[in-house]
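For reference, the structure discussed in these notes is given below.
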Amino acid sequence: MRSTFGQIGVVALVLSSVHCVRAEEAVKPFPDPATDLKPADGQTSAEAVLAGGCFWCTEAVFEGVPGVTDVVSGYAGGSKEDATYQKVSAGETGHAEAIRVRYDPAKVSFGQLLKVFFATAHNPTQLNRQGPDVGRQYRSAIFFADDEQKRIAEAYIKQLTDAKVFQQPIVTTLEKLDAFYPAEDYHQDYAQQNPDNSYVRQNVPQKVKKRDKLLEKDK
């Protein structure tokens with residue numbers, strides 16, 4: 001992703017991005033999660049690790065969610081030694097480009113974050129790709145920290161499937177979180193710091209608009 005393209009590559013990128021926009025549109029409204037986590041007494045912080053293609057995009061989406069206190073781009077699903085952008089982006093490791101979301105569970109729940117994830121951050125029906133970005137490193141995945149996160153994720157995927165929110169099957173994988181490795185510094189807050197980047201302009205604003213529309217409906 002985000003490499004230099006020739007003329008043919010640019011045309012392919014634009015066409016793929018347009019296709020991605022259309023494919024992301026759900027055919028039915030997104031329901032609130034019927035099963036969710038409740039914060040423990042006095043709990044003010046929790047974390048979720050999610051992968052949905054380019055971490056520049058997913059980071060930008062979740063940074064604007066009320067109750068989210070911090071978002072870090074990074075890698076999950078592989079070893080510490082291989083957790084570099086050069087190796088991961090080349091598809092040489094088992095990692096996915098992921099984000100670590102820190103949030104206040106009294107203000108936003110794990111299930112509500114999953115709703116944003118499925119509804120606005122990416123297309124969960126695309127296998128091992130997101131739009132122009134192709135490879136297992138761009139897979140849709142929820143890296144669960146414990147059995148409760150796994151239970152909520154399984155229940156919400158089933159809820160979306162039973163409601164036929166998407167025409168195609170959800171292919172999001174549930175993977176045990178062994179470790180999260182922050183990406184290189186220049187990847188952090190990338191969309192915010194580089195709004196004129198062509199990849200950012202092509203992919204981020206549409207996702208942010210969908211997020212804002214979803215959050216407005218949920219007020």
Would you kindly compute the Cα radius of gyration of region 157-198 and its largest Cα-Cα separation (Dmax), both in Å? 17.0, 41
The chain, accessible surface, carbon-and-sulfur percent (1.4 angstrom probe): 50 percent
How would Y181, Y186, Y103 rank on accessible area, largest to smallest, probe 1.4 Å? Y186, Y181, Y103
At q = 0.10 Å⁻¹, work out log10 I(q)/I(0) for the chain with the Debye formula, treating every Cα as an identical point scatterer and leaving solvent out; two decimals please. -0.40
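Accessible area per residue for region 120-219 in Å², computed with a 1.4 Å probe and the full protein assembly in place, what is it?
Working: 5450 Å² over 100 residues.
Ligands and nucleic acids excluded, the result is 54 Å² per residue.
Could you order the peptides 41-47, 104-110 from most to least packed, using the average number of other C-beta atoms within 10 Å per residue? Walk me through the numbers on the way to the answer.
Values: 41-47: 11.7, 104-110: 18.0.
Final packing ranking: 104-110, 41-47.
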Dimensionless Rg ratio for region 116-195, taking C-alpha atoms and the 2.2 N^0.38 Å reference: 1.24
When you have a sec, figure out the Kirkwood radius of region 82-158 from all distinct Cα pair distances and drop it here in Å to one decimal? 13.8 Å
Whole-Hz ³J(HN,Hα) for each residue in region 38-43, computed from phi via Karplus 6.51 cos²θ - 1.76 cosθ + 1.60 with θ = phi - 60°, x for glycine and proline: what do you get? 10, x, 6, 4, x, 6
Unit charges on C-beta of K, R, D, E only; dipole of the chain, Debye: 800 debye
Could you give log10 I(q)/I(0) at q = 0.16, 0.19, 0.21 Å⁻¹ for region 29-152, computed by the Debye formula over C-alpha point scatterers of equal weight, without solvent? -0.76, -1.03, -1.21
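Report, in order of residue number, the helices in the chain meeting two criteria: a C-alpha extent of 18 Å or more along the helix axis, and a mean Kyte-Doolittle hydropathy of at least 1.6; treat each whole DSSP H run as one helix. Provide the component values of the computation, followed by the final result.
On the way: long enough: 7-24 (26 Å, 1.25); 147-162 (22 Å, -1.18); 198-217 (30 Å, -1.47).
Membrane-span-like by this rule: not one helix.
The values are calculated or read from the model by the stated rules, or taken from the named source; none is laboratory data. Note that the coordinates shown come from a computational prediction; the quantities given were computed from them, not determined experimentally. Please note: Cβ atoms are built from the backbone with ideal geometry, for glycine as well, and neighbour counts cover all protein chains shown. When the accessible area is computed, the model is the full protein with side chains, heavy atoms only, and any ligands, DNA or RNA have been set aside. Shrake-Rupley method; radii C 1.70, N 1.55, O 1.52, S 1.80 Å.
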